[in-house]
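Engineer: First the structure, then my questions, so here it is.
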Amino acid sequence: MLNCRTLFLSDVHLGCKDCQAGYLLNFLQNCHADTIYLLGDIVDVWAMRRQVHWTAEQNQLLRCLLDKAEQGSKVVYIPGNHDESMRLYAGKQFGNIKIVLRASHVTAQGKKLLLLHGDEFDKEVNFGRMHAWLGDTLYDFLLFLNRWYNRLRRFGGGRYFSLAAYIKSKVPGAQKAIARYRQAAVNMAKRGGYDGVVCGHIHHPEISLQDGIIYCNDGDWIDSCTALLEQSDGSLTLYHFSEQVAQLASLPPRKKVA
């Protein structure tokens with residue numbers, strides 16, 4: 001069981017055909033966190049307006065999060081743009097889950113972090129309507145490639161690999177947009193007197209230090225399959241599901257006790 005002080009998750013996109021609910025469920029069932037922050041796009045209302053893809057695994061994942069809230073984990077939900085309808089309930093509490101528009105968190109090392117989804121930075125990142133449309137279209141195509149590529153890998157006994165994230169890392173335009181987004185998030189944290197910022201939205205996991213501000217993006221569970229963890233000593237680390245699976249698979253089997 002993985003134990004941590006705080007868990008940051010975003011961009012799960014329940015209801016979307018590319019949601020990797022099974023991987024996240026596996027992770028959550030083997031992880032305990034004192035506090036869980038859900039940083040938006042947990043449910044993909046936009047995708048479900050076109051077509052609903054809701055599986056048994058997605059039901060189990062939702063139940064797992066509710067169970068953790070009932071069993072003592074503090075769970076805070078900050079809606080994103082794909083579940084923006086939940087913003088109408090800011091300040092309310094559903095069961096043991098509190099809904100807020102933004103939040104702040106102080107780590108065990110005393111670092112004050114601004115928490116938000118991140119879609120408020122779109123205007124500063126956007127290269128224009130045509131570029132935005134082209135970016136969305138190309139990303140949908142990348143997810144299509146990612147989906148079929150990993151089906152073939154599973155058929156051959158391979159583990160999950162984010163083909164979409166790999167291709168994005170090689171596209172200069174995508175890297176430029178990510179840099180603009182990072183700078184916008186850092187600027188907001190600096191203006192607010194924070195030591196750092198944690199967000200999601202752009203599906204690009206990262207921890208970096210920029211202009212003296214800690215920038216953390218917890219990634220997503222569409223292609224990257226990542227989460228941000230605060231360890232008991234206050235250190236921040238990115239959890240990569242596929243890498244962790246590989247590490248566990250490389251451990252020697254336990255010897256049977258006679």
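The values are calculated or read from the model by the stated rules, or taken from the named source; none is laboratory data. Computed from a predicted structure; not experimentally measured. Cβ sites come from the backbone with ideal geometry, for glycine too, and all protein chains shown count toward neighbours. Quick note on the areas: whole protein, heavy atoms, side chains included, nothing else; ligands and nucleic acids left out. Shrake-Rupley method; radii C 1.70, N 1.55, O 1.52, S 1.80 Å.
Engineer: Just need a number here: residues in the stretch 17-37 that are over 17 Å from F241 (Cα atoms) and either surrounded by fewer than 24 Cβ atoms within 10 Å (Cβ to Cβ) or of a type in the set (D, E) (or both).
Structural biologist: 4
Engineer: Do we have N146 as of a type outside the set (D, E) and at pLDDT 75 or above here? First the steps, then the outcome.
Structural biologist: Values: of a type outside the set (D, E): yes; at pLDDT 75 or above: no.
Judged against the criteria, N146 is not a match.
Engineer: Please list, ordered by first then second residue, the pairs with beta carbon atoms under 9 Å, 6 or more apart or interchain, first in the stretch 36-53 and over 23 Å from L2 (Cβ atoms), second of a type in the set (K, R).
Structural biologist: Here the result reads A47/K17; Q51/K17; H53/K17, each pair linking the stretch 36-53 to a residue that is of a type in the set (K, R).
Engineer: Which count do you get for residues in the stretch 42-65 that are within 22 Å of Q29 (Cα to Cα) and open to solvent by 60 Å² or more (accessible area, probe 1.4 Å)?
Structural biologist: 8
Engineer: Another question, then. Report, by residue number, each residue of the stretch 214-229 that is farther than 16 Å from D119 by Cβ and outside any strand (DSSP E or B).
Structural biologist: First, the residues of the stretch 214-229 that are farther than 16 Å from D119 by Cβ: 214-216, 221, 223-229.
Matches in the stretch 214-229: W221, D223, S224, C225.
Engineer: Write out, first by first residue and then by second, each pair whose Cβ atoms fall under 7 Å of each other, whose residues are 6+ apart or on separate chains, and whose first residue, in the stretch 116-135, is assigned to a helix (DSSP H, G or I) and of a type outside the set (G, A, S) while the second is open to solvent by less than 60 Å² (accessible area, probe 1.4 Å) and at pLDDT below 90.
Structural biologist: Matching pairs, first to second residue: V125/A177.
Engineer: I need a count of the residues in the stretch 212-258 that are at pLDDT 95 or above and surrounded by fewer than 12 Cβ atoms within 10 Å (Cβ to Cβ).
Structural biologist: 3
Engineer: From the list D136, D83, D122, pick out the single residue that is modelled with pLDDT under 95, closer than 21 Å to C19 by Cβ and of a type outside the set (A, V, I, L, M, F, W, C). If you could, list the steps in order and put the result at the bottom.
Structural biologist: Working: D83 fails: modelled with pLDDT under 95; D122 fails: closer than 21 Å to C19 by Cβ.
Just one listed residue meets the conditions, D136.
Engineer: Can you name the residue in the stretch 182-211 that is in a strand (DSSP E or B) and not hydrophobic (A, V, I, L, M, F, W, C) and is also least open to solvent (accessible area, probe 1.4 Å) among such residues?
Structural biologist: G196
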